[in-house]
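Below is one structure, written out as structure tokens, with a few remarks after it.
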Amino acid sequence: MYNQILSSLNEFVDNDLSFGSDQKKTLLNKHKLTLTDSLQKGHWTTNLCLIASNLIKTNPRDIASALILRLESKPEIEKVELAGPGFVNIFLTREAFFNQLDDAYNNPNSFVGSSRSPKEKIQIEFVSANPTGPLHVGHGRGAAYGDAIGRILQRLGHEVSREYYVNDAGRQIDILACSIFLRKFEFFDDDAFPGSAYKGSYILDIAETLEIDLVLTQEEKEVLIDNLPDNDEEKIDELIKRIKTFDSNNWSLLRDFGLGYVIKSIKKDLTEFKVIFDNWFYESSLGELADKKSEISLALNQVKKEHAYEKDGAVWLESTKFGDDKDRVIIRDDGRGTYLSADLAYHRNKLDRGFDTIINVWGSDHHGYIRRIEATIEAMGYSKKQMKVQLVQFANLFENGSKVKMSTRSGNFYTLKQLIDDIGSDASRFYYLSKQADQHLDFDIGIARSNSKDNLYYYVQYAHARICSLEKKYLESGKILPSKFNNANFDDCDKLLQMALGAQFIIKSAGDNLQPHLIVYYLRDIAQSFHQFYNNVNILNAEELEQNNILRALMIVKSVIASCLELLGIEPLEKM
């Protein structure tokens, strides 16, 4: 029914309005057909007359009178009313309302499937935590968010690729290798372990697993740690230098083994969290600046031709030409590339793969990095509009009223795996997605464990499980679940059904705006409406014809709840 009404509105624009072609094009792009927020206003409402009147500076009522005549001629429409400053409210016949519900039940994209929005090839890069330790609960929010928007965009017909960027070429992997070496050969007690090394118990696990053909004497150990700098950062850099020099043959083994171990752990935790990446992109694959044919050299050479200059021995990108607040160094005075040089090459690689849009899901601490990446994209000849950045605040985890501190390097952190083991993957994902991603989230795992109304995850799942229980009892009474509505009165269900129809528009909005929390809000509202309905209506003792319609309505509500949960990566439960 939605598509028929929308078609009638577009025909009205094309055939009944004496507008210019540009005005008609603007009107076709801007007017909307949406569900009403109250059935007293009808089933559908459109702002077409209001938009049209603004274009030609005329009274919207004059335009509405002609549109109403066209719509009232449709047999599926009971009546049409003009409301407010120029909205037109459309009331469907009972039969048309039933047919519309059945269409939505059989085709979850029946309203938004004909959207004028073009389908795109989209890449989402998210999580991308440094591969120096297990994922902690802070990383979980970005994982849930990136995966959810991927699922939603796929539902809307886009081609989506999920990517994890592995920072394996920088100093942090040297620190990881050094930390493993120090643990393997027991250089320091816990109290004296270098402050800038990684200290988590996982380092011990890696060290115990590592097989290395090396035996150290006490004298050799003492030489390696003698006269170290007092500064933590200088100390770890000196240890790395000494270990590399002392055991150059095994240094690559240490780096590769440590990296491989951590990546395997990350992949395992993400799989349990229902996050599967299509591609794991390693920073090291971009190559070295010394290799003139490497991707990083080719990318830097591309921008150096027109948009870079030398100063104080370094190479600077003229990023201010493209909106950045200052120019940025891309090659240091010692010939080494900066972080920006690798990011420049990586984004060139992504855009050269033919994505229409690339979405970077970053921690909120990367806010200041957006302009400089946009500048590199523009400097390479691409449009910065091809990149979208979604900032995600880390979640603050609370337990027993105390905030859980998290630091990968200190080893004092609550891992994503621990959270999954504690409250489950689905509850974790639900709460991660329960608030707009760029806003702070306080995560109370005590509430998430409870079977109470205060636990929103439980409250939503209970609505789905209750309907499953009703269906089971209905079947046990010897009846067959209804496949269509009849003409019996079921006004009590109308509000619930109108809300169920709104799911498609909520999903569309969540995808267009990259805001999966809108679906959580919707689930909260429809669960609340269902529970109120359940408490007010004696469903299984209703008159038979009315009971048919109630069960049919609840089947649609159950389907909508299940579909929305699945888009969040959550399995709908049939019993609690």
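The numbers here are math on the coordinates, done by the rules we state, and not lab data. Just so it is clear, the structure is predicted and the values come from calculations on it, not from any experiment. FYI the Cβ positions are ideal-geometry reconstructions off the backbone, even for glycines, and counts take in every protein chain you see.
Here are the numbers:
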quantity: Extension gain, ARG524 back to ASP16 (0.36 nm per residue minus Cα-Cα distance, nm); calculated: 178.6 nm
quantity: Interchain or long-range residues, amide H under 5 Å from VAL392's placed H; calculated: TRP362, GLY363, SER364
quantity: Expected 222 nm ellipticity per residue - DSSP helices of 4 or more, -39500 (n - 2.57), all of the chain, to 500; calculated: -16000 deg cm²/dmol
quantity: Span per principal axis, largest first, for the Cα atoms of the range 171-265 (Å); calculated: 36, 25, 23
quantity: Between 0 and 90°, nearest 10: helix 544-567 axis offset from the chain longest Cα axis; calculated: 20 degrees
quantity: Spin-label pair LYS305/THR93, simplified geometry with 7 Å Cα→Cβ offset, distance in nm; calculated: 6.7 nm
quantity: Translational diffusion of the range 456-567, µm² s⁻¹ [Kirkwood Rh, Cα pairs; Stokes-Einstein; 10 °C; 1.306 mPa s]; calculated: 109 µm²/s
quantity: Nonlocal amide H pairs with LEU441, under 5 Å, H built at 1.01 Å; calculated: ASN396
quantity: Listed residue pairs exceeding 29 Å between alpha carbons, taken from LYS25/LYS385; LYS244/LYS403; LYS121/LYS484; LYS184/LYS241; calculated: LYS244/LYS403; LYS121/LYS484
quantity: DSSP bridge orientation in the chain - percent antiparallel, rounded to nearest 5; calculated: 50 percent
quantity: Rule-of-thumb Rg ratio for the chain [Cα; 2.2 N^0.38 Å; N residues]; calculated: 1.21
quantity: Neighbour count of at most 11 Cβ within 10 Å plus DSSP loop: longest GluC sites (Glu not before Pro)-free window in the chain; calculated: 307-542
quantity: With Cα atoms, 0 to 90° folded angle of helix 94-106 axis to the chain main axis; calculated: 20 degrees
quantity: Cβ-derived FRET efficiency at R0 41 Å, ILE276 paired with ASN538, nearest 0.05; calculated: 0.35
quantity: HN-Hα J in Hz across the range 306-318 - Karplus 6.51, -1.76, 1.60, θ = phi - 60°, x for Gly and Pro; calculated: 10, 10, 9, 8, 9, 7, 6, x, 9, 9, 10, 8, 7
quantity: Under 24 Å from LYS41, Cα to Cα: lysines that are on another chain or at least 8 residues apart; calculated: LYS30, LYS32, LYS74, LYS79, LYS495, LYS508
quantity: Hydrodynamic radius by Kirkwood, which averages 1/r over all alpha carbon pairs of the range 237-354, in angstrom; calculated: 17.0 Å
quantity: Taking the range 221-320 and dividing mean pair separation by its residue count, relative contact order in percent (alpha carbons under 8 Å, at least six apart); calculated: 9 percent
quantity: Nearest-ten-degree value, helix 339-352 long axis tilted from longest Cα axis of the chain; calculated: 40 degrees
quantity: For the chain: relative contact order, % (alpha-carbon pairs under 8 angstrom, 6 or more apart); calculated: 15 percent
